[in-house]
Amino acid sequence: MSTAPTPRTRIRRIPENAVYDRAALHAILDDGYLCHIAFADDSGAHCLPMAYWRSGEHLYIHGSNGSRLMKTLAGGAEVAIAISHLDGLVLARSAFNHSMNYRSAVIYGRFEAIADETGKAAALDEFMHKLAPGRQHEARPGSRQELGATIVLRIPLDEAAAKVRSGGPEDDEKDMDIPVWTGVLPYATVRATPQPAADCRIDAPDYVREWALGRDLVDSPL
Ligand SMILES: Cc1cc2nc3c(=O)[nH]c(=O)nc-3n(C[C@H](O)[C@H](O)[C@H](O)COP(=O)(O)OP(=O)(O)OC[C@H]3O[C@@H](n4cnc5c(N)ncnc54)[C@H](O)[C@@H]3O)c2cc1C
């Protein structure tokens, strides 16, 4: 299944790095926690970092109902959202040909609010499931007051682009004899050892132990 590009999601610069495959887009989104949302209001253009999660063909965000960002987006502002993962620094023989390996996605559109309390609670459970699979059954659920103070928004993945660069440097023929180290410095975000709170008296559950091993409980029921 592929994402048919629209005029603004057709990748023109280095089009061979474009990825219009739906599964690849999902994989890029599922590998991250942070997005950057660009929007404009009366005071100009803004681009703000946010936590996100994907469910099906939508990307979700949540935030305080006192937030300028959330109120603007709930009001139907047009947005562009970027998610990117840095995979390596690419060192070429010439300064010009240095590059980066990455996987990135851009989504366009407008958010819609999840208005009903049940839908909001279910969406937030999915977020918890993404952070720590199974924890949504253990932590105290949001109270009516907490849910009321929280806006949950979602945007369809209808208009999205993905771009991926991998591999080594692409040097010019004329530079091949320059005696300089060339290659890739791989770069990755790594999980570190969980740190129990000083007052935590509970043994680490499976999702914490799996985190330490670099794995998610992907089959854990929602
Ligand atoms: C970690 C990282 C570092 C980068 N560093 C640089 C840099 O230093 N210099 C540089 O010139 N470029 C860099 N890029 C690439 C940059 O994101 C753009 O793809 C590139 O600059 C071309 O921009 P453009 O507007 O000409 O693209 P066009 O191909 O004209 O863009 C057309 C459309 O394609 C989509 N698109 C473009 N780029 C991306 C993308 N990266 N991911 C998903 N969709 C995209 C958007 O929908 C865009 O509107 C980097 C990308 C990443 C992820």
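The values are calculated or read from the model by the stated rules, or taken from the named source; none is laboratory data. As the structure is a computational prediction, the values presented were derived from the model and not from experiment. In this analysis, Cβ positions are derived from the backbone assuming ideal geometry, glycine residues included, and neighbour counts consider all displayed protein chains. Accessible surface is based on the protein model in full, side chains and every heavy atom, while ligands, DNA and RNA are left aside. Shrake-Rupley method; radii C 1.70, N 1.55, O 1.52, S 1.80 Å.
For region 7-188, relative contact order (Cα pairs under 8 Å, six or more residues apart, normalised by length) works out to 29 percent. Taking all protein chains together, MET50, MET176 sort by accessible area into MET176, MET50, largest first [probe 1.4 Å]. If only the Cβ of Lys and Arg carry +1 and only the Cβ of Asp and Glu carry -1, the dipole of region 158-213 around its Cα centre is close to 420 debye.
So how far, in whole Å, is the C-alpha centre of region 137-191 from the one of region 43-103? Region 137-191 and region 43-103 have Cα centres spaced 9 Å from each other.
Against the chain, whose longest principal axis is taken from its Cα atoms, helix 117-131 shows a tilt of about 50°. For the chain, the tally of Lys pairs with Cα-Cα distances below 29 Å comes to 5, considering only residues 8 or more apart or on different chains.
Among ALA18, PHE96, GLY63, whose Cα lies farthest out toward the positive end of the dipole of region 1-122, if unit charges sit on the beta carbon of Lys, Arg (+1) and Asp, Glu (-1)? My answer, from the dipole projection, is PHE96.
A probe of 1.4 angstrom, applied to the heavy atoms of all protein chains, finds ASP216 with accessible area near 70 square angstrom. Remark: spin-label model distance TRP181-ALA23 equals 3.7 nm, labels positioned 7 Å along the Cα→Cβ axis. About its Cα centre, the dipole of region 145-188 is roughly 340 debye, where the only charges are +1 on Lys and Arg Cβ and -1 on Asp and Glu Cβ. Secondary-structure-derived ellipticity at 222 nm for the chain, considering helices only, amounts to -5500 deg cm²/dmol, per-run term -39500 (n - 2.57) for DSSP H runs with n ≥ 4. Placing +1 on the Cβ of every Lys and Arg and -1 on the Cβ of every Asp and Glu, with nothing else charged, gives region 7-188 a dipole about its Cα centre of roughly 360 debye.
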